[in-house]
Every structure is written in structure tokens, then in C-alpha cells.
Amino acid sequence: MAFMVALLNLMLMFSVVSKGNSLSLNYYEKTCPDVEFIVAKTVKAANAVDKTVPAALLRMHFHDCFIRGCDASVLLNSKGSNKAEKDGPPNISLHAFHVIDNAKKAVEAACPGVVSCADILALAARDAVFLSGGPVWDVPKGRKDGRKSKASETIQLPAPTFNISQLQKSFSQRGLSMEDLVALSGGHTLGFSHCSSFRNRVHNFDATHDMDPSLNPTFAKKLKSICPLKNQEKNAGTTLDTSSTTFDNAYYKLILQRKGIFSSDQALLDTPKTKDLVSEFATSQDAFFKAFVTSMIKMSSINGGQEVRKDCRVVN
């Protein structure tokens, strides 16, 4: 109960006005007024059992929005000859789909056929951040669910090996700025990475260096010991920052220490603009939180769906 009261109070404090895309802060005010509390209750219950759930939900939402807009296409199952997004290489490690399933079932029981899976995922990502100690915001709602999901399109996701030019291009194609890039990268304060996403930095980096020279040498050796070329464990890897279940600004502090896990993390120091933002967010957690909220609302307002699914895993 205390969580729900805190959520309501903070939503009122940080509420924002939705712009464009026909999304609205009060979209379900009459048709499903309790939707936010239902979703929050489900996410809270899942988090109590598994502290990796918030990172999974935040990543799931990001990966959904970057393909066909925030249309819940990442939730669809593969069918027949069609391989869906969730089975594409960058998404194999996604998990916690059951949390969205449970939330959808609870919402359907209260308001059948009204709330989209895309809106439930956007709300769950917000709740995941808040439950991890991060900011809260009022989520503009009214997204529709998509009918298409193709694993082949997951190559559009920004890769952990991207340099700053590739990152800028990927984000700008979705109407997102360099500020959005740096703020949303802060989502890496939560979670875990398998060796496959950063092995390029600690083995045979280039013709001159075995390890990426932009990495702190001691940290690079640690990563190399975690991810040897031979006899590697299937689930080997490391947390993305030093407080991987707490949403804070530690990620930016580590980048300045040359201890970012991915090439794409360290790349944020490669232009004056992005480097200044990394420094600002490392110094002020409040500045990071405010920027993250603005960028999350902007990113999650990209929509292209057509229906409200009855089951998040299959089209109607």
C-alpha cells in the first residue's frame, strides 16, 4: 500500500504533458481507471521474487520501441515460418515476459479489450525504474499493438560495439537527439551483460592491441579473466555497473573512470557534447533523472500499432 501511495504522489509531482501521437495522460481515465495500479502491483510482486526483473523490463521496452515503434511487437511469439523479434540474436537474452503476461491478465479481468500490451509494457518499464530507486513519471497512454514481428529487423537495434557516429545515426533515425542518447544509455545502470557483448574489447581488439586501450587496464584484465577465449561458461559475464539493481548515476561515473562495459558506453566520451553530458550526469544524479524522464517519454511515444491484443503473445 505504501508503494502505491508513493507512486501516486510522485506521479503528481513529476507529471508531464504528452505531445503528439494522440497519446494522453488520462487515456484510460474512464475506460480503465485502475490500470496503472494493477500494472504496478504486478511488477512489484515480480521484483520481490527476482531483482533482475526491472532491468529486463526496461531493456524489453527499449528493444520494442527501436524496431517498429512502441507497439509490443517484441512480445509476439514466432509462428510457423515467421521468426519473431524475441527470437532475433539481440533479443535471445530478454526475459521476464511472464510479468507482462500476468499484468495483461489482471488488466483484462478489470477492463477487457481496452488496454494495449504496448501501454502495459511502457507502464511496467516506468514502474521498474521507480522500484529500483529511480525517478517516476506520468506515462502518456493510448498506444496500439502491432501485428508484425520479424527477427530479421532486430539488426536495427544499436549494438554494444557501435561507435559514436553509429549511435548518433541510430538514435536520430528515431527522432532522438544526442541528449537522448546519453540519457537513455543511463539505463545501463541496471542489469547484466554476457561476454559476447564485450568480448571484442578484451581479446584481439585490433592489429596493435589485444585489449581496448580506452579501457582502464586493471578493469580490462578483470573482464578478460571473466571471459577467457577458451573454456568459457555459457552464462559468463558481468553486471553493467557497481550497483546493478539500483537505478542511479554510477554508470556515468564508471565511464569517466574508463570502466564502461560496452564500446558504445565508452564512445559517449568521443564528442565534446556527449562527454559534457556524461560529466554532468556523473556529478548530478538529479540532472540525470530529469533528462532520463524527458527522453523516456520521448522514446516511448514512438508508436505504430493497429490493435489492442487480447493476448500479448499473439495477434487477434
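The values are calculated or read from the model by the stated rules, or taken from the named source; none is laboratory data. It should be emphasised that the depicted structure is a prediction, and the values quoted were computed from it without experimental measurement. Backbone-built Cβ (ideal geometry, glycine too); neighbour counts: all protein chains shown. Heavy atoms of the whole protein, side chains included, go into the accessibility calculation; ligands, DNA and RNA do not. Shrake-Rupley method; radii C 1.70, N 1.55, O 1.52, S 1.80 Å.
Here the spin labels are modelled as points 7 Å beyond Cα on the Cα-Cβ line, and at Lys105 and Ile226 they lie 3.5 nm apart. With the simple model of a label 7 Å out from the Cα in the direction of the Cβ, Thr294 to Asn200 spans 3.0 nm. Where Lys and Arg each count +1 and Asp and Glu each count -1, what net charge lies around Cys312 among other residues with Cβ under 12 Å from its Cβ? It works out to a net charge of -2. Farthest towards the positive end of the charge dipole of the chain, among the residues Ser165, Ile255, Cys227, is the Cα of Cys227, using unit charges on the Cβ of Lys, Arg, Asp and Glu.
Can you compute the FRET efficiency between Thr271 and Ala236 using 1/(1 + (r/R0)^6), with r the Cβ-Cβ distance and R0 = 35 Å? Round to the nearest 0.05. Computed FRET efficiency for Thr271 and Ala236: 0.60. A cut-off of 5 Å between modelled amide H atoms, ignoring neighbours fewer than 5 places along the same chain, links Phe162 with Ser264.
About its Cα centre, how strong a charge dipole does the stretch 90-183 have in debye, to the nearest 20, once Lys and Arg get +1 and Asp and Glu get -1 at the Cβ?
It works out to roughly 340 debye.
Taking a ≥ b ≥ c as the square roots of the Cα gyration tensor eigenvalues, with a/c under 1.5 meaning rounded and otherwise prolate when a/b beats b/c, else oblate, which class fits the stretch 188-316? Because a/c hits 1.5 or more and a/b fails to exceed b/c, the stretch 188-316 counts as oblate. Charge dipole of the stretch 253-316 (Cα centre as origin; +1 on each Lys and Arg Cβ, -1 on each Asp and Glu Cβ, all else neutral): 120 debye, rounded to the nearest 20. Between the beta carbons of Ser177 and Leu25, assuming R0 = 35 Å, the FRET efficiency works out to 0.95 to the nearest 0.05. Along the Cα-to-Cβ line of Ser243, 7 Å from the Cα, sits a label point; which residues in the stretch 161-191 have backbone N less than 17 Å from it? Residues 186-191 qualify, since their backbone N sits under 17 Å from the label point. Remark: for residue pairs Lys51/Lys259; Lys30/Lys79; Lys44/Lys141; Lys253/Lys273; Lys44/Lys222; Lys169/Lys224, the C-alpha separation exceeds 25 Å in Lys30/Lys79; Lys44/Lys222; Lys169/Lys224.
Charge dipole of the chain (Cα centre as origin; +1 on each Lys and Arg Cβ, -1 on each Asp and Glu Cβ, all else neutral): 580 debye, rounded to the nearest 20. Solvent-accessible surface of the stretch 171-316, taken per residue with a 1.4 Å probe and all protein chains present: 47 Å². In loop segments of the stretch 212-277 as defined by DSSP, the trypsin sites (Lys or Arg not before Pro) with at most 15 further C-beta atoms inside 10 Å of their C-beta are Lys230, Lys234. Of the options Ala106, Ala55, Ile67, report the single residue whose Cα projects farthest towards the positive end of the charge dipole of the stretch 23-115 (beta-carbon charges: Lys, Arg +1; Asp, Glu -1). So the residue we want is Ala55. For the stretch 191-208, the Karplus equation 6.51 cos²θ - 1.76 cosθ + 1.60, evaluated at θ = phi - 60°, returns couplings of x, 9, 10, 7, 4, 4, 7, 9, 4, 4, 8, 10, 9, 6, 4, 7, 5, 9 Hz by residue, with Gly and Pro reported as x.
Give me the net charge for the shell around Lys79: Cβ to Cβ below 14 angstrom, other residues only, Lys and Arg +1, Asp and Glu -1. Intermediate values should be presented prior to the final figure.
Values: positive: Lys83, Lys86, Arg147, Lys148, Lys150, Arg309, Arg313; negative: Glu85, Asp87, Asp311.
Neighbour charge sum, excluding Lys79 itself: +4.
Between Ser78 and Gln306, the simple label model (points 7 Å from Cα in the Cβ direction) yields a spacing of 2.4 nm.
If packing is taken as the average count of other Cβ atoms within 10 Å, what order do 280-289, 52-61 fall into, highest mean first? All intermediate terms of the calculation are to be shown ahead of the outcome.
Details: 280-289: 18.2, 52-61: 24.8.
Answer by packing, highest mean first, reads 52-61, 280-289.
Report the net charge of residues surrounding Ala220, where surrounding means a beta-carbon distance below 15 angstrom and charges are Lys +1, Arg +1, Asp -1, Glu -1.
On the way: positive: Arg199, Arg201, Lys221, Lys222, Lys224, Arg258, Lys259; negative: Asp206, Asp210, Asp212, Asp265.
Net local charge, Ala220 excluded: +3.
Roughly speaking, to the nearest percent, how much of the chain's 1.4 Å accessible area is carbon and sulfur?
Values: 7840 of 14270 Å².
Within the chain, the accessible surface is 55 percent carbon and sulfur.
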